[in-house]
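Peer 1: Structure incoming, see below.
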Amino acid sequence: MRGRTVMGRLTIRAYLIIWVASLFLACLVTSGAWWRARDRLRGMRDRIIADVNGVNSGQVLEAEVLGARREDLLWRATGDAKHRVVKEKHLLRAREVASSLKDFITTPREEEIVARIGHRMAAIEAADTPGTSVSIEKLYGIVEDLLDAIHDYLKCNKSQLEETVEAAWQLHRLVDVWAIGILVFVALVLVAGSWVLINRVVRPTMDLIQAASRFGHGDFTARVPIRREDELGALSRTFNNMADEVAHFEEARLHFVASVAHDLKNPLVTIGGAARILKRDSISPEQREEWLDRIIAQIAYLENLTLDLMDTVQVSTGRLSLNKVEMDLKELICDVHQEQAEITSSHTICLEAGDPCKIIGDRNRIRRVALNLLSNALKYSSEGSTVLLKVEQRGSEAVFLVKDEGAGMSPEEMQVAFLPFGRGSRTQSMAGGSGMGLCVVKSIVEAHGGRIQLESEQGKGTTVEVSFPLA
């Protein structure tokens, strides 16, 4: 279980590094073992060649010594000088072979025996020198010692040859075992690595492809299971977060369409009803005037709604166009206050205005900013409460402030207040709207080089402060 946990925590990159390193280590060990075995086999080959040459030379030396002894016996028995000549040839050949034995020495034991052979050959040469008086028994005793030494040399070389051949066979078997072991290890690493890669790369990739395909065909509930905390796990989590945001955006968009349809329906119903009433001949001129005023008011509402929708589209597409002129923010806010105070009977709208505040801006757009913020303050505060409008100079900025005593917002609602369709479930139940108002307001303010700040506490009201650079 602990091994599985460790494997699950490994990133794909770390796993691939370990996998490749294991294969590289196997190849490195195989190469090292092969080079080592090759060096040992090369040394064994040289020893075998030396031992074989030593055996051949020892046999030739033995034959020459025996031949020299035979010719010496024939010379001594017959007195024929040709046997002595042949004997000298055998001894000369024996000396040459004996001197060559040192080229085939591979062990101290062999070196000792070759030294004995050299001493015996020197003793035979000294005894066979003309003018020396060495008995034939002593001479043949030296020859016997030489033959014994040659026999020891042949025996030593044959034994070494057998040991070397046996060692070569053992090394051969060891190399076979090593080769099989390395092959099995490499096969296991390849199989295990491939299986893990299938589980950690192929399957999550297929899950991601299937989820992306379902999501692309309109299934906004499609999500990718996060199997491990690795690169593909991070990619899957990113996809799921993106899918959540897109699904939320789609839900907000549908709510926006429903809200717009609702906002369009009410004035259209009023206008349609007023038109049907105006067709009657029985209504008085006063009633006709009243219904015409209602139609005009609803048309003005629709015009403002259309302008808001146009601003929403321009903000969404990044094509918000402004007709900037020098204007007095204080004067504009005073006009908004006078207009809204006359038509609003459910709330008290107060105004605090200081010195004139000259700014460069689009008058209609900034007016809609003020109306939007004031409309929100009225919608989300209880009847009879007070809404404060305040405009003043503050350093190098003109500041416009809207403060209400309404329901306020939670920290979570404040985080999404300026996002497209950003409305909390609590505020949706309190008042209608598309959720694009503050988003458009923020875009208009920032397009003028200004900034907007929001302070709110749930149950204690909300304060929105907008700042523009002075002209």
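Peer 1: If the requirement is being more than 60 Å from the chain's Cα centre (by Cα), in a helix (DSSP H, G or I) and either modelled with pLDDT under 85 or on the phi > 0 side of the Ramachandran plot (or both), which of these qualifies: Glu144, Glu125?
Peer 2: Being more than 60 Å from the chain's Cα centre (by Cα), in a helix (DSSP H, G or I) and either modelled with pLDDT under 85 or on the phi > 0 side of the Ramachandran plot (or both) holds for just one of Glu144, Glu125, which is Glu125.
Peer 1: From the residues in the range 74-94 that are at pLDDT below 90 and open to solvent by 80 Å² or more (accessible area, probe 1.4 Å), which one is nearest to Ile150 (Cα to Cα)?
Peer 2: Ranking the candidates gives Arg76 first.
Peer 1: Moving to a separate point now. Of the residues that sit in the range 170-195 and are in contact with a helix residue (DSSP H, G or I) (Cβ under 7 Å, 6 or more places away or on another chain) and closer than 22 Å to Leu16 by Cα, which one is least open to solvent (accessible area, probe 1.4 Å)?
Peer 2: This residue is Gly193.
Peer 1: State which residue is modelled with the lowest pLDDT when the search covers only the range 5-37 and only residues that are open to solvent by 70 Å² or more (accessible area, probe 1.4 Å) and within 21 Å of Arg173 (Cβ to Cβ).
Peer 2: Ranking the candidates gives Trp34 first.
Peer 1: Right, next: Could you list, in sequence order, all residues of the range 38-73 that are polar (S, T, N, Q) and open to solvent by 80 Å² or more (accessible area, probe 1.4 Å)?
Peer 2: Gln59
Peer 1: Could you grab the pairs with beta carbons closer than 7 Å, sequence gap of 6+ or different chains, first residue in the range 369-387 and open to solvent by 40 Å² or more (accessible area, probe 1.4 Å), second one part of a loop (DSSP other than H, G, I, E, B) and polar (S, T, N, Q)?
Peer 2: So the pair list comes out as Glu383/Ser346.
Peer 1: Quick one: how many residues across the range 216-254 are over 25 Å from the mean Cα position of the chain (by Cα) and either under 26 Å from Arg13 (Cα atoms) or open to solvent by less than 70 Å² (accessible area, probe 1.4 Å) (or both)?
Peer 2: Looking only at that region, the number is 7.
Peer 1: Of the residues that make up the range 204-216, is at least one modelled with pLDDT of 80 or more and aromatic (Phe, Trp, Tyr)?
Peer 2: The answer is yes; a qualifying residue exists.
Peer 1: Given the conditions (1) out of contact with any Phe, Trp or Tyr (no Cβ under 6 Å at 6 or more places or on another chain); (2) part of a helix (DSSP H, G or I); (3) surrounded by 12 or more Cβ atoms within 10 Å (Cβ to Cβ), and given that Val257 satisfies all but one, which numbered condition is not satisfied?
Peer 2: Here Val257 clears every test but (3).
Peer 1: Next up: Check off (1) open to solvent by 50 Å² or more (accessible area, probe 1.4 Å); (2) part of a helix (DSSP H, G or I); (3) at pLDDT 80 or above for Ala274 and give me the number that stays unchecked.
Peer 2: Only one criterion is unmet by Ala274, namely (1).
Peer 1: Among the residues that make up the range 312-331, is at least one of them farther than 23 Å from Cys439 by Cβ, among the basic types (Lys, Arg) and open to solvent by less than 70 Å² (accessible area, probe 1.4 Å)?
Peer 2: Yes; the residues of the range 312-331 include at least one that is farther than 23 Å from Cys439 by Cβ, among the basic types (Lys, Arg) and open to solvent by less than 70 Å² (accessible area, probe 1.4 Å).
Peer 1: Of the numbered conditions (1) open to solvent by 40 Å² or more (accessible area, probe 1.4 Å); (2) under 27 Å from Lys442 (Cβ atoms), Leu302 fails exactly one; give the number of that condition.
Peer 2: (1)
Peer 1: Of the residues that sit in the range 340-368 and are farther than 21 Å from Gly406 by Cβ, acidic (Asp, Glu) and surrounded by fewer than 16 Cβ atoms within 10 Å (Cβ to Cβ), which one is modelled with the lowest pLDDT?
Peer 2: Checked the range 340-368; the qualifying residue modelled with the lowest pLDDT is Glu342.
Peer 1: To continue, here is another question. Return the residues of the range 311-360 that are assigned to a helix (DSSP H, G or I) and acidic (Asp, Glu); say none if nothing qualifies.
Peer 2: Matches in the range 311-360: Asp311, Glu331, Asp335, Glu339, Glu342.
The values are calculated or read from the model by the stated rules, or taken from the named source; none is laboratory data. The shown structure was predicted, so the numbers you read here are calculated from the model rather than taken from an experiment. Here Cβ is always computed from backbone atoms with ideal geometry, including for glycine, and neighbour counts include all displayed protein chains. Each accessible area value is taken on the protein alone, full model and side chains, heavy atoms only, with ligands, DNA and RNA left out. Shrake-Rupley method; radii C 1.70, N 1.55, O 1.52, S 1.80 Å.
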